[in-house]
Each structure stands twice: as C-alpha cells, then as structure tokens.
Amino acid sequence: MLEVAGLHVSYGKHRALEGAGLVVAKGEIVVILGANGAGKSTLLKAICGVCEGSVAGSVRVEGRDILGRPPHEIVDEGLALVPEGRGIFPDMTVAENLTLGAYSDRARDEAQASLERVFKLFPKLRERRRQVARTMSGGEQQMVAIGRAMMSNPAILALDEPSLGLSPILCKELFQTLGTVRDAGLGLLLVEQNARQSLAIADRGYLLENGEIVREATGAELLKDPAVQEAYLGGA
Ligand code: ATP
C-alpha cells in the first residue's frame with residue numbers, strides 16, 4: 001500500500017504541488033489525470049525520490065516513511081518507477097535490460113527468481129530474451145521497461161506516460177499488460193494522457209489541477225462525468 005499525504009514540491013519560487021494526497025492499494029490501478037503542467041510528473045518523481053525540486057510531506061509504502069530517502073532504498077521498500085520515455089538500453093538484449101533492474105543488493109540476490117517471475121508474466125519477453133532492445137517494437141520496449149521495474153519485486157509500480165508514442169494497437173496491448181501486472185497483485189500508479197483507455201482499466205482516478213488533487217472517483221464514474229469528458233475526453 002502506498003499512502004501520500006500533504007505533498008508539497010517547489011522548484012525555486014514555483015510551487016508545483018500544494019499538498020497533494022493519494023492512496024494506492026495492492027491489486028488496483030490508479031490513474032492521475034491533469035492538464036499539461038498540472039504537476040503529474042512532479043508527483044510521480046517526488047513519490048519515487050527522483051524529483052529535483054524541494055519536497056515536503058509524507059510518502060509511505062507498507063506504512064514505512066520513504067520521503068527523502070535515496071532512490072535505491074525506495075526501490076528496496078517496494079516502490080519502482082517506469083520513467084517517461086522508458087529509459088531502456090537500446091544496444092543491450094532484453095535479458096540484459098531486465099537484469100539491470102535488479103541493481104540493489106537485495107534484488108541482485110533474487111535476480112534469477114525475479115527474472116523467472118517476469119518471464120512467466122510476459123512469455124513474449126522470454127521468447128525475445130536474446131533480442132537487442134532497439135529492434136523491438138515500441139510496445140515490446142514498453143513491456144521491457146515494465147519488466148525491468150518488476151525485477152526489484154515491487155509492491156507498487158509507478159508509470160509516467162507509458163502509452164506515449166504508441167500506436168492505437170500497441171496502446172491496447174500496453175493496457176492489457178498493465179491489467180496483467182495488477183492481476184499479479186501489484187498496485188499501479190499511472191500518469192496518462194490517454195484518459196479514455198486508462199480510465200477504462202483504472203479502479204480509481206484522481207484529477208490534479210494546479211498542484212492540487214481536486215477530485216477522486218472510480219474509473220467508471222470519471223469516464224461518465226461531463227466535466228471530465230469535456231476536459232480530458234475531447235467532449236465525447
Ligand atoms: P505534462 O503533462 O506537460 O508533462 P505535468 O503535469 O507532468 O505536465 P510537471 O512536469 O510535473 O507537469 O510540471 C509541473 C510544473 O513544474 C510546470 O510548471 C513545470 O514547468 C514545473 N517544473 C517541472 N520540472 C521542473 C524543474 N526541474 N525545474 C523547474 N520547474 C519545473
């Protein structure tokens with residue numbers, strides 16, 4: 001379980017987050033929607049300990065406070081980030097990229113078991129384990145990025161714009177992949193531009209406006225909300 005309360009982030013004089021709070025339980029997908037500049041990436045980065053701004057508030061994983069701790073310790077506490085743009089190494093193989101995800105001492109000891117778990121969840125990655133990452137499709141590369149984050153055996157996975165740059169068909173595959181990860185018992189915190197598809201699979205969603213959470217509801221409720229349709233679903 002991830003619990004965030006009263007999160008404030010400033011970049012110099014600019015206040016990007018003003019007391020944001022949210023909860024993600026294991027086995028649920030939670031999406032954060034917000035306009036450009038609302039603070040979505042800042043929220044994910046601050047939670048995962050990789051934000052450049054000055055951060056205050058409370059971030060707990062399984063009841064343990066992680067705010068201000070170095071990123072590798074946060075990963076060891078069970079929170080892993082799939083960064084925007086995937087960040088995979090194009091000239092390395094799928095297996096090498098996955099293995100890099102097990103970089104902390106604890107994860108390294110369990111790397112073989114973790115690899116087997118990831119391959120079981122994503123059989124395609126096992127098939128392609130010797131393939132050089134840059135020759136994979138965009139959707140497959142995103143799967144590698146998710147698989148790599150899962151190498152630390154996290155309880156919670158945070159994903160920044162995972163559908164960015166994917167074709168509609170690959171987007172559909174990606175959202176299926178996210179469903180598979182949830183069904184494996186992880187909690188997913190998702191920042192997405194693709195509001196329609198992410199709300200369709202989300203258990204809950206939060207709306208972030210000017211650094212504040214202004215609404216929380218189920219994915220289904222948000223999908224049929226006229227204000228959400230107007231702002232995030234092209235008025236449909
Ligand atoms: P987008 O959807 O456009 O990616 P976002 O909701 O993810 O937007 P953030 O990237 O979190 O928004 O940015 C929130 C605000 O903080 C913006 O005004 C942005 O310019 C500012 N900001 C983000 N990162 C930094 C930084 N490293 N230094 C200074 N200001 C920053």
Nearest 10, in degrees from 0 to 90: the angle of helix 168-183 to the longest Cα principal axis of the chain is 90 degrees
Taking a ≥ b ≥ c as the square roots of the Cα gyration tensor eigenvalues, with a/c under 1.5 meaning rounded and otherwise prolate when a/b beats b/c, else oblate, which class fits the range 1-79?
oblate
Once you have the Cα-Cα distance between K120 and E18, take 0.36 nm times their residue separation minus that, and quote the gain in nm to one decimal.
32.6 nm
Relative to the chain, whose Cα atoms define the longest principal axis, helix 138-149 and its Cα axis are tilted in degrees, nearest 10, by 90 degrees
Roughly how far apart, in whole Å, are the Cα centres of the range 1-35 and the range 42-58?
9 Å
Quick query: amide H of G34 versus all other amide H atoms, modeled in the peptide plane; which residues come in under 5 Å with a sequence gap of 5 or more or a different chain?
L208
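Mind pulling up the Rg/Rh value for the chain? Radius of gyration and Kirkwood radius, both on Cα.
So for the chain, dividing Rg by the Kirkwood Rh gives 0.96.
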On average, how much accessible surface per residue is there in the chain, in Å², for a 1.4 Å probe, leaving out ligands, DNA and RNA?
45 Å²
May I ask for the angle, rounded to the nearest 10°, between helix 111-121 and the longest principal axis of the chain, with both axes built from Cα atoms and the value confined to 0 to 90°?
70 degrees
H72 and K172 label points (each 7 Å along its Cα→Cβ direction) are spaced in nm at 4.3 nm
Simple spin-label estimate for Q229/Y103, 7 Å along Cα→Cβ, in nm, reads 4.5 nm
Determine ³J(HN,Hα), in whole Hz, for all residues of the range 73-80 in sequence, where each value follows from phi through the Karplus function 6.51 cos²θ - 1.76 cosθ + 1.60 and θ = phi - 60°; x replaces Gly and Pro.
6, 5, 4, 5, 7, x, 10, 10
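What FRET efficiency would be calculated for the residue pair A113, E84, taking the C-beta separation as r and a Förster radius of 22 Å, to the nearest 0.05?
It comes to 0.15.
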For the range 63-128 and the range 164-236, what is the centre-to-centre distance using only Cα atoms, to the nearest Å?
24 Å
Considering only the range 2-233, percent of DSSP beta bridges that pair antiparallel, nearest 5:
55 percent
The chain, helix-only ellipticity at 222 nm - DSSP H runs n ≥ 4, -39,500 (n - 2.57), divided by all residues, nearest 500:
-10500 deg cm²/dmol
Contour minus Cα-Cα distance for L164 and A5 (0.36 nm per residue)
54.4 nm
Once amide H atoms are placed 1.01 Å from N in the peptide plane, what residues at a sequence separation of 5 or more from I29, or on another chain, have their amide H within under 5 Å of its amide H?
L188, D203, R204
Cut-off 10 angstrom, C-alpha nodes, Gaussian network model of the chain. Which of P83, P71, P168 fluctuates the most?
P168
Return the single residue from A35, A155, A202 with maximal mean-square fluctuation; model: Gaussian network over the chain, springs between Cα atoms under 10 Å.
A35
Any idea how many Lys pairs in the chain come in under 28 angstrom at the alpha carbon, given 8 or more places apart or on separate chains?
14
Between R130 and R215, with labels modelled 7 Å along Cα→Cβ, what's the label distance in nm to one decimal, could you check?
5.2 nm
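The values are calculated or read from the model by the stated rules, or taken from the named source; none is laboratory data. Being a predicted model, the structure only gives us computed values, none of them experimental. Glycine also receives a Cβ, built like all others from the backbone with ideal geometry; neighbour counts cover every protein chain displayed. We work out accessible area using only protein heavy atoms, side chains counted, and drop any ligands, DNA or RNA first. Shrake-Rupley method; radii C 1.70, N 1.55, O 1.52, S 1.80 Å.
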